[in-house]
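The values are calculated or read from the model by the stated rules, or taken from the named source; none is laboratory data. Predicted model, so just to flag it, every value in this text is computed and none were measured. Positions of Cβ are generated from backbone atoms using ideal geometry, with glycine treated the same way; all protein chains shown enter the neighbour counts.
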Amino acid sequence: MFPTLLAQAETAADAGKAIALALGIGLGALGAGVGIGNIFGSMIQSVARQPELRGELQGIMWLGFALTEAVVFYGLIGGLLAYVLV
């Protein structure tokens, strides 16, 4: 997506917007990856220490995963809106 946006840029402002869009989406995805890694790593450690709490922790883990993954979509939509509207 990024190379095609940059190739179609007619002015320097358009190229700057394409770079900002790519950086925003990339950093959003990077942050979500780190967050999801922390969630699942903490789940593994918690279940290893107290296996009887697996059922209670699993629901919290999936909720955290869903909310963290939503950040990527917010970054994508926000970046696209900023690219199109600005």
- line: Expected single match for without any contact (Cβ under 8 Å) to a residue 12 or more places away in the chain, part of a helix (DSSP H, G or I) and not β-branched (Val, Ile, Thr) among Ala82, Ala66 is Ala66
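Could you check segment 52-63 and list, in sequence order, the residues that are of a type in the set (A, V, I, L, M) and in contact (Cβ under 8 Å) with a residue 12 or more places away in the chain? Working first, answer last.
Step one: filter segment 52-63 for residues of a type in the set (A, V, I, L, M), giving 53, 57, 60-61, 63.
Scanning segment 52-63 gives Leu57, Met61.
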task: Answer yes if at least one residue in segment 26-45 is over 23 Å from the mean Cα position of the chain (by Cα) and assigned to a helix (DSSP H, G or I), and no otherwise.
output: yes
- line: Restricting segment 46-63 to residues that are in a helix (DSSP H, G or I) and among the polar types (S, T, N, Q), the one nearest to Leu23 (Cα to Cα) turns out to be Gln58
message: Tell me whether segment 40-51 contains one or more residues that are in contact with a Ser or Thr (Cβ under 9 Å, 6 or more places away or on another chain), modelled with pLDDT of 90 or more, surrounded by 13 or more Cβ atoms within 10 Å (Cβ to Cβ) and not hydroxyl-bearing (Ser, Thr, Tyr).
response: no
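This table checks each residue for (1) surrounded by 11 or more Cβ atoms within 10 Å (Cβ to Cβ); (2) at pLDDT 85 or above; (3) touching a helix residue (DSSP H, G or I) at 6+ places or on another chain (Cβ under 7 Å).
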residue	(1), (2), (3)
Pro3	no, no, no
Ala7	no, no, no
Ile25	yes, no, yes
Leu67	yes, yes, no
Gly75	yes, no, yes
Leu85	no, no, no
